[in-house]
Every structure is written in structure tokens, then in C-alpha cells.
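*Asks:* So that we are looking at the same thing, I have put the structure below in C-alpha cells.
The values are calculated or read from the model by the stated rules, or taken from the named source; none is laboratory data. Please read these numbers as outputs of a predicted model, since none were measured by experiment. All Cβ positions, glycine included, derive from the backbone under ideal geometry; neighbour counts span all protein chains shown. Only protein heavy atoms, including side chains, enter the accessible area calculation; ligands, DNA and RNA are left aside. Shrake-Rupley method; radii C 1.70, N 1.55, O 1.52, S 1.80 Å.
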Amino acid sequence: MARRYDSSTTTFSPEGRLHQVEYAIEAINNAGTSVGILAKDGVVMASEKKITSGLLAKARTSEKTYKLCPHATCSVAGLTADANILIDQARLRAARYAYQYQEPIPLESLVEHVCNYKQAYTQYGGLRPFGVAFLFAGYDEAHGFQLYQSDPSGNYSGWKATVIGANNQAGKSLLKTEYGVSKKKDGDDEMKTEDDVPALTDAVIEMPDVAEACRLAVKVLNKTMDGAVASAEKLELFTMSLDEDGNCVHKILTEEEAKAVIAEVEAESASAGDT
């Protein structure tokens, strides 16, 4: 029965499913992993760099992280060629908004524009869905630092920490236990996580700082990379923070800086094992 419907993007199956959209979402699960973590003083994104051949020339720019405008960046999991089309759309929208209104575009408006473009490719005949998922990180004065995730269907949602790409469920499970630890209250004997408290509010969440978020991102990649140990050559760490003038600073850590973060994670794991 499914074969009658899985070749069309615009036709629902009797079960109410759009098979081509589901296949596009499934394709993301075979892509390199990307992690996004919201910190109290910025946003951290970490990506797995898959090296297909040692003969390839080293890329001059990042193939996983792209700057959209001065206050927004995205990380990609999926088909890079598809991502380039959507990245161009996002940059064009941000530039037009800034020209028309003389102020930066709100991050959610930018995300919504890209997702509307993606959704159109699931509704009109002769088109196929974009085989790419995004993590959007950015800052605006109204809502501060933000992190969004979008998939090929055009859906998007805001997150404090999330994972896209291969083995994303394993990464999310680790984030549930490592991120969002509440502050220890008077009279409490131990720390509690979101799973322990049914209605945990932002008031008791102790968000990590950028340095802690970088270490957590490396831990997640260690968990999701198929048996491989995270190394500076196999991952990319990106941070967004504000400078003294309130401007967004986009930074991709150098290999030396990434090695230092990885060494801190290994030392922390070793000390935890000793205890």
C-alpha cells in the first residue's frame, strides 16, 4: 500500500503520512552529528567532521557552521548542497529586513522564514523536501541568546540543548542527565535533575557557562561518534558570546583550543572513574 504514496511529496497515505518527508527526516539521521547548547553567557555548537578521504584538500572555511548575519549562525546536518540554498535565503532575508527596518531581524522571524521556504517544498508537486536539518543560534535584545532546531518538514522549535544527525537519541539522553541540573537548595542532600522534578522552573535551573557548555558538547560527541574518540581533527567547536560593546562575537575554536577542551573532558572523566 505504501508504494502507491511514497513517490509523491504532496499525497497523504491512508495512514495520514507523507512518506517522502519522513524519508528526508530519516536521511538526517545518517549525517554528521551537531550539538547545540544554550549557555547563560552565550551559545555553543559542536559538529562532527566526517573525513571521507585523506586526499581531499583542506576546506578553507567551515563546512558545518555558517554565519547568517552579525547576530545569527547555523549548524548543518544533511546535504550541504541543499543547505547552501537555504543559507542564501536566510542571508537575503536578514539583509532585506535590516535595510527596510534599520535594525537586526529577530532570530525567530529569521528561522520562521527559512522554515516556511522548506515547508513549501513539501506542498507543491514536482519538488522534493530539502534533505537538511539546522541548528540556529543567535541573539536579540528582546529574548537574549536563543537556540532553535528545524527539520525538512518545516517544523522548528526552541531548545536549551539538543542534538541532530547520527545517534541523536543517545546524545539527547546524555544531555538530559548532564544539562539542566538545579541549584542545591537549603535542606537538600543531593542535586536534582529535570527528570526528578516534574515542574522545574527556570528559577532553579543553573545553566552552564560557555566553557562548561563546550565540555558538555565534547562529551555528547564522544557518545554519538560510532566508537571513535573525539579529537580536534574530527570535531568543530563554535561559540557565540557578547563583547564589551554588546556585539555578538562568532568564534570557531582552533585545533589547539579544541585539544585543550578535550583534555579537560578526559581529565574530568579520569577523576570521576577514580572516585
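*Asks:* Please give the peptides 240-250, 124-134 ranked by average Cβ packing (other Cβ atoms within 10 Å per residue), highest first, as a rough proxy for protection.
*Replies:* 124-134, 240-250
*Asks:* With each run of n ≥ 4 DSSP H residues scored as -39500 (n - 2.57), what mean residue ellipticity at 222 nm is computed for the chain after dividing by its residue count and rounding to the nearest 500 deg cm²/dmol?
*Replies:* -11000 deg cm²/dmol
*Asks:* Do the alpha carbons of any pairs in Lys58/Lys160; Lys64/Lys160; Lys118/Lys176; Lys40/Lys259 sit beyond 26 Å of each other, and which pairs?
*Replies:* Those over the limit are Lys58/Lys160; Lys118/Lys176.
*Asks:* Would you work out the Kirkwood radius for region 82-165? I mean one over the mean of 1/r across all pairs of different Cα atoms, in Å.
*Replies:* Over region 82-165, the inverse of the mean reciprocal pair distance is 13.5 Å.
*Asks:* What number comes out for accessible area per residue over region 58-144 if the probe is 1.4 Å? Units Å², please.
*Replies:* In whole numbers, region 58-144 has 53 Å² accessible per residue.
*Asks:* While we're here: Quick one: Debye curve from the alpha-carbon atoms of region 1-149 only, equal weights, vacuum; give me log10 I(q)/I(0) at q = 0.11, 0.12, 0.17, 0.19 Å⁻¹ to two decimals.
*Replies:* Reported log10 I(q)/I(0), two decimals: -0.51, -0.59, -1.03, -1.17.
*Asks:* Starting from the Kirkwood Rh over alpha-carbon pairs, what translational D in µm² s⁻¹ does the chain have by Stokes-Einstein at 10 °C and 1.306 mPa s?
*Replies:* 79
*Asks:* How large is the charge dipole for the chain, taken about the Cα centre, if only the Cβ atoms of Lys, Arg (+1) and Asp, Glu (-1) carry charge, to the nearest 20 debye?
*Replies:* Dipole magnitude for the chain comes out near 1320 debye.
*Asks:* Can I ask one more? Divide, for region 1-85, the radius of gyration over alpha carbons by 2.2 N^0.38 Å, where N is the residue count.
*Replies:* 1.46
*Asks:* While we're here: Rank Gly16, Ile252, Ala98 by how far each Cα sits towards the positive end of the charge dipole of the chain (+1 on Lys, Arg Cβ; -1 on Asp, Glu Cβ) and give me just the farthest.
*Replies:* Projecting each Cα onto the dipole axis, the largest value belongs to Gly16.
*Asks:* Whole-Hz Karplus ³J(HN,Hα) for region 126-135, in order, using 6.51 cos²θ - 1.76 cosθ + 1.60 and θ = phi - 60°, x for Gly and Pro?
*Replies:* The phi angles translate into x, 10, 10, x, 6, x, 8, 10, 10, 10 Hz.
*Asks:* For the chain, which whole percent of the accessible surface, found with a 1.4 angstrom probe, sits on carbon and sulfur atoms?
*Replies:* Roughly 49 percent, rounded to a whole number.
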